[in-house]
Amino acid sequence: MDTSGDTLMGNMEVPGSSNMRTVNGSFQPPLSMEPTPLGSTPDISAETGSRLNISDDDDYQDSLDGWDDSAETENAGEKPPRLLPLAYLRTGLCYDDRMRYHAEMAATSDFHPEDPRRIYYIFKELCQAGLVDDPMAERPLVPNTLLRIDARFATREEICTIHTPEHFDFIQRTQFMEDDELLGLEQSMDSLYFNRLSFESALLSCGGAIETVKAVVTRQVKNAIAVIRPPGHHAEVDRPGGFCLFNNVPVASHVCRDLHPDTCRKILILDWDVHHGNGIQNAFYDDPNVLYISIHVYQDGKFYPGGPEGDMNYCGAGAGIGKNINIPWPTKGMGDGDYMFAFQQIVMPIAMEFSPDLVIIAAGFDAAAGDELGGCFVSPTCYAHMTHMLMTLAEGKVCVCLEGGYNFRSISKSALAVTRTLMGEPPDRLPPTAATNYAIKTVRNVARTQSKYWRCMFPQEPINDQVRGERMHDVLRDYQATHYWDQYRMNSLYVFRSELSQSFKDQVLATPNFEDKKNLLVIFHDPPDVIGVPDATTGKLVLHNTWLADEAQGIIKWAVDHGFGVIDVNIPPHISASSSSRTVEEPDVDKRKAMTEKLAFYLWENYIEVNDHDHVFLMGIGNAFYGIARLLAQKDTVYQNTSGVISFVADNPLLPIKNSDNPWLQKWYYDNSLVFIAPAHQAWITHSEKKVSKRYGNMIKSTRDRMPELLVTHRKEIFEFLAERAEIEIGDELEADASGDGMNNGEETESEKEGEKDPMIIKQENFSGDENGSANGTENGSAKRRNGSTSVITTSTNNLTVTAPRSTRSSIPPNSPSSLLVEPSTTNPTPSAGTPQPPTSAPSTDSFASTSGPTGSGSQAANP
C-alpha cells in the first residue's frame, strides 16, 4: 500500500462505500486450502462437521473407552485432516493516512497532545516488527501478517444512531468555515481544534471502527485493531469534547448490533483510557445489553473530564442498572499491579457473568508509563495481559479501537504488545508486582457497590437503612473520651459550631489546667485503627477477633507523666449526619480538610496562643496533619511559638510546609521537625534520585508500614525529641515508656492522685446561667464532673457551684441535643474549677461560625 497522503487523497472513496482487500501472498493456508479474498470468506463454522468427519448417526462418546490407536493409524490416510477453524483466521488492522489530515490550524512549537503523528508512529512500529506487509515494513515478515481492513466514510445515518442530527451538521459545517471561524471554535470549545479536513478525518475514524467491528462479528478476521483518530470516547450525544468529534465505539457497536442482532446482541466495552469515557457511558447508560467498564483516574472528580459521573456510584439507570461500572483511581501513579488487580477482582468476574457476544476495547494508552498527561505507569506487558484475558470472552471476538495516548514511544510499544497478543503470541512475563493500598481500597469499594447487581461480587452491602446502629468512629471516640477521663482526667474543650453532629462530641479533649503547664503537646490524629478480618461474603467483623489499635495513648501517658499539658484532637474522615444514614459513605475529603484547617486555627487562637507556654509541640498523625500544615504555613505566630513538629505518614499524602512570603519557613520546619514515613510510601520513590526539599521536613524512613506500628516503633525518638526541646530530664524510665502499651497497668496517674485529694469541689463562683446554659452548665446552671463510675449531678444556685462525680465528660451545654454544641449564651458564664475552659481573653472572630448577640460579634461568650 502506498502510504503517501497525496495518493490516498486521490483514491478517496465515496462516503458510504465499503471495500476490503488482502495482501497477496501473506496468508499461507495449510495443506490444500487456497487463499480466499476477504470479501468472499466462507462461513467456516458450516464446514466444521465435514472436516471433523461427523455423520448424523454417530453416537456421542462420553469417554475414551474402546479407543483403538492401531485402527486410527491404519485409516489415517483415508480421512481428511482435522482443522481448528478459528486458528487460521488472521488478525485485522485498520489504518488510513487520511485520518492525519485533522490537525491544528496555527502551527506552534507547543503541539497539541492529540497530534496527527500518533497513529503514524503506531503503524510504523507494527511495520518495523514485521507484522504488516507494507513497503516500510522490515523483512522478513512474520507468518500470517495482519489482514488490512480499509477504512471508509461513516454515513450520516450511522453516526446519528448515537449523535443528534444537529451535532452531525455542526461538525459537517466546519468544512466550509473560514480560518478565523475555526480558530474561534478552538478557543471556545472543550479541548478541541478544527480545520477544513477535520470532518472527513472524523468520518474515516468512525467508519474505520465500524468496518473493524463488522469484520470481527462476521468472522472475516478472528480479532482486530483499529489505529484510528480523532478519538471518540469523550464526545457526547449532542456535542464534541476532549479531543473527540464523533464517538467511534458506540456508533460501531450500535450499527453492528442492528446489522447482526442474532450474533451481536450483548457487547462489553472495556475502556482503559486514563480518562473516564463520559461519552460512552452516557450513550449506553440505560441499555441492558451493553456492559461498560471504565478504569480511569478520578481524583474525586477533579481529573478530566471532571464531575461526579466517573465515580463508582454511577451504575446505570432503568433497565441498564448495574451495566455501568466505574473503577475510579483516587490518584495518578497507578501501575501494573493496580490494573491487574482490578482485572482479576472486578473486570473478568463480571465480564464472564455477563457473557458478551463481542468485546470492544476503548484502548487509550495514556495510562502508559511515560505519558505526562496520564501520569501512570502501566507497561506494554500489562496491556498485553489485559488483552489476553479479554480474549477468553465472546469466543475471542475482540476489537481494539484506539482512543487516547500522547507519548509516541509509549503508545507505539503498548499498541505493538496488544497486537502481538491478538495475533496469538503469549504476553511477556510481568515482573513481581502488587496492588497499592489505593487500588485495594478502590477495588473493594467497587465490588461492594456492584454486589447489588452481580452475584460474583463480594462482600455484599453490610447494612441498609432498616437496620439501626451508630457509626463506629463515633462509638470509638466516646470510648476514648471515657478512657482518657479515667486515666488522665481529660475533659472536652468547648468549640462553637454552626451545625450539629455526633462526630463533634468529645472531638477535642484536654488535660486539667493545661493552660498553666510549662509544656503543651497538641495532637491532631485520625480515628484509631480497628483491625480485624471481615467475613468474605457478608463483610461482618467478629468482635472477639477485632482489635482497637490506639497507640497514641502511649504518647499521651508519657506527656502527662512528665508534666505536659495535652490537647487531643480527633479528626474523623466522615461527619455523621444528624439523621444518621445507614448507607456506606465515602470520606468527604474537601469537607474534612476545611473542617480540620478551621479547627486548627480556632484552637490556636482561643486555647493555645493566649496562654504563656514555654514550649508548644504540634503532632499530626495521618491525614489530620493537614490542619497543622495549614496553620504553620498561614500564621506566622505559630512557628515563632512552636518548639517542634512531629508527623507520621503511612498511606496518607506527605504535605509540604511553605509560604511564598516567608522563605525562612522551610528551613525552620526542616530544623524543628521529625517526619516518620512508611518505607513503601510514594515519597521515597519520588525523592529517591534527587535532593529532598526542606519543605517536607526532616524525613525519616521507618521500617514499618502501618500507622500503629509507626507510633510504637518510634516512641523512643519522640520522647527524646520532646524531652530535649522541653529541657526536662528523663532517666531510666525512657526505655520502659517507649516499650510500654500506653496503659497504667492499674497504677494511678498524677491526675487521679490529684482527684483523690479533692473528690468534691464546692466553690463560690461568679456564675450566671441562662436559658441556653453555659459551656459547662445545665439549663438551671448545673455543673457535672466524673470520678470513676459514680454519677451525681448537683446544681448551682445563688452563685454557689457544687461539682460532684458524673458519668459524662463535657464542657458542652448539656441541654443541647444529644449534649452537642449549640448557639452560645449572650451572657458570660464563669466555669467551675478544674475543668478546661476557653481562655480569659476574647476569642478570635475567625471561628467556626459567628453569632449576633448584644455585642454584635464573637463565636462564643468571653469571660470578663
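Computed from the coordinates by the stated procedures, all read-outs in this text should not be read as laboratory data. Values in this document were obtained by computation on a predicted structure and should not be read as measured data. Cβ placement follows ideal geometry from the backbone for every residue including glycine, while neighbour counts extend to all protein chains displayed.
Out of Ala629, Ala650, Ala624, which single residue is more than 17 Å from Pro528 (Cα to Cα), touching a residue at least 12 places away in the same chain (Cβ under 8 Å) and not hydroxyl-bearing (Ser, Thr, Tyr)?
Working: Ala650 fails: more than 17 Å from Pro528 (Cα to Cα); Ala624 fails: more than 17 Å from Pro528 (Cα to Cα).
Result: Ala629 is the single residue among Ala629, Ala650, Ala624 that is more than 17 Å from Pro528 (Cα to Cα), touching a residue at least 12 places away in the same chain (Cβ under 8 Å) and not hydroxyl-bearing (Ser, Thr, Tyr).
Does segment 165-190 hold any residues that are more than 20 Å from Phe243 (Cβ to Cβ) and touching a residue at least 40 places away in the same chain (Cβ under 8 Å), and which are they? Spell out the reasoning first.
Restricting attention to segment 165-190, the residues satisfying the condition of being more than 20 Å from Phe243 (Cβ to Cβ) are 165-166, 169, 176, 178-180.
Answer for segment 165-190, where residues must be more than 20 Å from Phe243 (Cβ to Cβ) and touching a residue at least 40 places away in the same chain (Cβ under 8 Å): Glu166, Asp179.
Which of the residues that make up segment 148-164 are outside any helix (DSSP H, G or I) and free of Cβ contacts under 8 Å to residues at least 60 places away in the same chain? Break it down into steps so the answer makes sense when it comes.
Narrowing segment 148-164 to residues outside any helix (DSSP H, G or I): 148-155, 160-164.
The answer is Cys160, and nothing else.
Pick out, from segment 633-721, the helices (runs of 4 or more DSSP H) lying fully within it that include 3 or more residues that are surrounded by fewer than 15 Cβ atoms within 10 Å (Cβ to Cβ).
On the way: elements: 636-640, 664-671, 682-686, 707-713.
Once the helices (runs of 4 or more DSSP H) in segment 633-721 are filtered for at least 3 residues that are surrounded by fewer than 15 Cβ atoms within 10 Å (Cβ to Cβ), what remains is 636-640, 664-671.
Which residue, of Ser410, Ser414, is farther than 17 Å from Asp535 by Cα, surrounded by 21 or more Cβ atoms within 10 Å (Cβ to Cβ), out of contact with any helix residue (DSSP H, G or I) (no Cβ under 7 Å at 6 or more places or on another chain) and not basic (Lys, Arg)?
On the way: Ser414 fails: out of contact with any helix residue (DSSP H, G or I) (no Cβ under 7 Å at 6 or more places or on another chain).
The conditions single out Ser410.
Among (1) surrounded by fewer than 22 Cβ atoms within 10 Å (Cβ to Cβ); (2) touching a Gly at 6+ places or on another chain (Cβ under 9 Å); (3) part of a loop (DSSP other than H, G, I, E, B), where does Ala235 come up short?
All conditions pass for Ala235, except number (1).
Quick check on this structure: which one of Thr637, Thr642 is touching a His at 6+ places or on another chain (Cβ under 9 Å) and β-branched (Val, Ile, Thr)?
Working: Thr637 fails: touching a His at 6+ places or on another chain (Cβ under 9 Å).
Result of the check over Thr637, Thr642: Thr642.
Filter segment 537-564 for residues that are out of contact with any Pro (no Cβ under 7 Å at 6 or more places or on another chain) and outside any helix (DSSP H, G or I); which is surrounded by the fewest Cβ atoms within 10 Å (Cβ to Cβ)?
Out of the qualifying residues, it is Val542.
Within segment 527-536, is there a residue that is of a type outside the set (Val, Ile, Thr), buried (at least 21 other Cβ atoms within 10 Å of the Cβ) and farther than 18 Å from Arg715 by Cβ? First the steps, then the outcome.
We begin by selecting, within segment 527-536, every residue of a type outside the set (Val, Ile, Thr); these are 527-529, 532, 534-536.
From what is left, the residues that are buried (at least 21 other Cβ atoms within 10 Å of the Cβ) are 527-528.
With farther than 18 Å from Arg715 by Cβ added as a condition, the list becomes 527.
Yes: one or more hits.
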